[in-house]
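Okay, so here's the structure we're looking at.
The values are calculated or read from the model by the stated rules, or taken from the named source; none is laboratory data. Being a predicted model, the structure only gives us computed values, none of them experimental. No Cβ is skipped: glycine too gets one built from the backbone with ideal geometry, and neighbour counts run over all protein chains shown. Please note that ligands, DNA and RNA were not included when accessible areas were found on the heavy atoms of the full protein model with its side chains. Shrake-Rupley method; radii C 1.70, N 1.55, O 1.52, S 1.80 Å.
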Amino acid sequence: MTVREYYLAAESGVLDPDERLELLRGEVVAMSPQKSFHAWATGNLAKVLQAVFPEASIRIQFPLSLNDMNEPEPDVLVALGPDSRYMDRHPGPSDVLLVVEVSDTTLRKDRTLKGPLYAEFGINEYWILDLNAGRLEVYRDPGKDAEGKAGYRSTVIIEKGGQIETGNGTVSIAALLPDDA
């Protein structure tokens with residue numbers, strides 16, 4: 001299915017407007033229901049990232065137009081600002097500064113499906129905030145492996161006591177998670 005067909009299916013009522021969906025590799029994929037902790041972590045992450053990317057557009061669960069067959073809705077997307085830049089289009093790969101998926105039940109999909117997809121389209125920095133393990137997975141340097149498959153050549157795992165340099169500052173992993181996580 002193309003993005004155009006995806007939107008037509010939604011407009012015609014073929015897709016339920018209340019269902020949380022995204023288009024990945026031409027397939028309509030149901031998104032997991034959001035638990036309260038996931039929703040809190042997503043909102044908290046967006047606030048933290050706005051502080052280190054003050055001029056950026058911080059987008060929570062909004063579409064990212066990769067191409068005609070892919071329109072994921074990452075939990076947090078940091079795109080070139082201002083927000084008004086996206087009044088008549090969704091951000092594309094050239095607009096992206098950072099993509100973050102917040103994972104509690106979707107960790108495998110975020111690693112094996114979304115990570116390679118973001119790398120394929122040249123997204124330079126991709127994070128997975130792993131709520132179960134209380135850590136941040138940082139993927140950088142998109143490219144292809146020896147078999148020609150898209151992926152990231154640099155992966156760093158940052159535990160709760162660590163921090164990462166990004167944007168115009170430093171993000172403490174502890175700031176992304178509650179004290180008891």
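Checking each residue in the stretch 21-47 for being outside any helix (DSSP H, G or I) and in contact (Cβ under 8 Å) with a residue 24 or more places away in the chain picks out 22, 23, 24, 25, 26, 27, 28, 31, 32, 35. Of the residues making up the stretch 91-137, those that are of a type in the set (Ser, Thr, Tyr), part of a helix (DSSP H, G or I) and surrounded by fewer than 20 Cβ atoms within 10 Å (Cβ to Cβ) number 2.
Scanning the stretch 74-88 for residues being in a loop (DSSP other than H, G, I, E, B) and either within 28 Å of residue 113 (Cβ to Cβ) or of a type in the set (D, E, K, R) (or both) gives a total of 4.
Can you tell me which of 76, 14, 100 is out of contact with any Cys (no Cβ under 7 Å at 6 or more places or on another chain), farther than 23 Å from residue 125 by Cα and among the aliphatic types (A, V, I, L, M)?
After applying the criteria, what remains is 14.
Going residue by residue through the stretch 10-17, is there one that turns out to be over 17 Å from residue 131 (Cα atoms), surrounded by 15 or more Cβ atoms within 10 Å (Cβ to Cβ) and without any contact (Cβ under 8 Å) to a residue 12 or more places away in the chain? So far as the stretch 10-17 goes, yes, one or more of its residues are over 17 Å from residue 131 (Cα atoms), surrounded by 15 or more Cβ atoms within 10 Å (Cβ to Cβ) and without any contact (Cβ under 8 Å) to a residue 12 or more places away in the chain.
Among the conditions (1) without any contact (Cβ under 8 Å) to a residue 24 or more places away in the chain; (2) open to solvent by 60 Å² or more (accessible area, probe 1.4 Å); (3) within 30 Å of residue 171 (Cβ to Cβ); (4) part of a helix (DSSP H, G or I), residue 7 misses just one, which is (3).
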